[in-house]
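**Q** Below you will find the structure I want to go over with you.
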Amino acid sequence: MLQDLSFLDEVKTCPHCKQTLSLCEAPPIHVGDGLGWGSDVLFICLNDSCSLFLNGWDKIETQYGHHASYRYMELPGSPEGNCMMVGNADAFKASLIDKEQLLNQNERYRLEKEATKQLESCVADNNLEPVMTLLLDEGAVKKSRITALGYLAEFNDLACIDPLRNHKFRDPAIEQKVNLAISEVLKSNFKKECSHCSEIVKAHAKKCMHCKENL
Ligand SMILES: [Zn+2]
Ligand SMILES: [Zn+2]
């Protein structure tokens, strides 16, 4: 997970073609490459009409005798230009970074971290929010979600039921534990869910006050 997203604000231009550089994931380091680029992302000119790229084929053919060319590249936070050797025009095009997706992922991660921290004192703070945040976050660490589940009965708050019922749990083990916790909360509040409309009604109700069906 990328922690420092300051590169998202950087706009870099290719000195050869004046096009804006594309943000790409850095390729995995191969044995023998040394330390790699020391960055998770690279800014690369992916313009197929860029003069560096167009002229590179002949240059490398003459100099090294193999079929490859150059793409212009800069690292985040540095104005220094580099030439990256590429074997074809499609290299790096598959590793383009979707900035919006990255921001969303990072926002989810930030909320998860915050909720995990608040979880320790959530009962003392009477704060159900971190519990719900973690339970409803399919990307959150399973251990934190299980811990959060343990607090549901303690809070004994009927307000937790609707969001949990409306959530699709991908992990059947968590879903089963959620269902158990909901039953406990209902029971200790002397409530049940209507078998027809799922609204919460009194445990002893003979008729649902919401859908009027007999229970
Ligand atoms: Zn260029
Ligand atoms: Zn009903």
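**Q** Show the residues, 5+ positions off or on another chain, whose built amide H is closer than 5 Å to the amide H of VAL86.
**A** Distant-sequence amide H within range of VAL86: SER69, TYR70, ARG71.
**Q** How high is the relative contact order of the stretch 6-95, given as a whole-number percent (alpha carbon pairs under 8 Å, six or more residues apart)?
**A** Numbers: 138 pairs, mean separation 23.2, N = 90.
Across the stretch 6-95, relative contact order equals 26 percent.
**Q** Please provide three numbers in whole Å: the alpha-carbon extents of the stretch 110-202 along the principal axes, with the largest listed first.
**A** Largest first, the stretch 110-202 extends 39, 29, 17 Å along its Cα principal axes.
**Q** Let me ask something else about it. Suppose every Lys and Arg Cβ carries +1 and every Asp and Glu Cβ carries -1, with no other charges. What dipole size does the chain come out with about its Cα centre, to the nearest 20 debye?
**A** 1120
**Q** Next question, about the same structure. Sort by residue number and report every cysteine in the chain with no other cysteine beta carbon within a distance under 4.7 Å.
**A** Isolated Cys, the chain: CYS24, CYS83, CYS122, CYS160.
**Q** Let me ask something else about it. May I ask which residue of VAL201, ASN104, PHE155 lies farthest towards the positive end of the charge dipole of the chain, with charges of +1 (Lys, Arg) and -1 (Asp, Glu) on Cβ and the Cα centre as origin?
**A** VAL201
**Q** Quickly estimate the mean residue ellipticity at 222 nm for the chain, helices only: each DSSP H run with n ≥ 4 gives -39500 (n - 2.57), and the total goes over all residues, rounded to 500.
**A** Only helices count here, giving -11500 deg cm²/dmol.
**Q** With 10 angstrom as the radius, rank CYS17, CYS197, CYS45 by how many other C-beta atoms surround their C-beta, starting from the fewest. Walk me through the numbers on the way to the answer.
**A** Numbers: CYS17 17, CYS197 12, CYS45 27.
Neighbour counts put them in this order, fewest first: CYS197, CYS17, CYS45.
**Q** With the Cα gyration tensor of the stretch 50-197 in hand, convert its eigenvalues to equivalent ellipsoid semi-axes via √(5λ) and list them largest first in whole Å.
**A** Details: eigenvalues 613, 57, 24 Å².
Output for the stretch 50-197: semi-axes of 55, 17, 11 Å.
**Q** To the nearest 20 debye, what is the magnitude of the charge dipole of the stretch 6-95 about its Cα centre, counting +1 on the Cβ of each Lys and Arg and -1 on the Cβ of each Asp and Glu?
**A** It comes to approximately 200 debye.
**Q** How big is the charge dipole of the stretch 125-188 about its Cα centre, in debye rounded to the nearest 20, if each Lys and Arg gets +1 on its Cβ and each Asp and Glu gets -1 on its Cβ?
**A** Dipole magnitude for the stretch 125-188 comes out near 300 debye.
**Q** Let me ask something else. Pick from LEU119, LEU128, LEU158 the residue whose mean-square fluctuation is largest in a GNM of the chain, springs joining Cα atoms under 10 Å.
**A** In the Gaussian network model the winner is LEU158.
**Q** Return a whole-number percent for the relative contact order of the stretch 110-202, with Cα pairs under 8 Å and 6 or more residues apart as the contact set.
**A** 21
**Q** Over the chain, what is the relative contact order in whole percent, taking alpha-carbon pairs under 8 Å and six or more residues apart? Numbers along the way, then the final one.
**A** Details: 258 pairs, mean separation 23.6, N = 215.
Relative contact order for the chain comes out at 11 percent.
Each value in this text was obtained by applying a stated rule to the coordinates, not by laboratory testing. A quick note: this is a predicted structure, and the numbers were derived from the prediction, not measured. In this analysis, Cβ positions are derived from the backbone assuming ideal geometry, glycine residues included, and neighbour counts consider all displayed protein chains.
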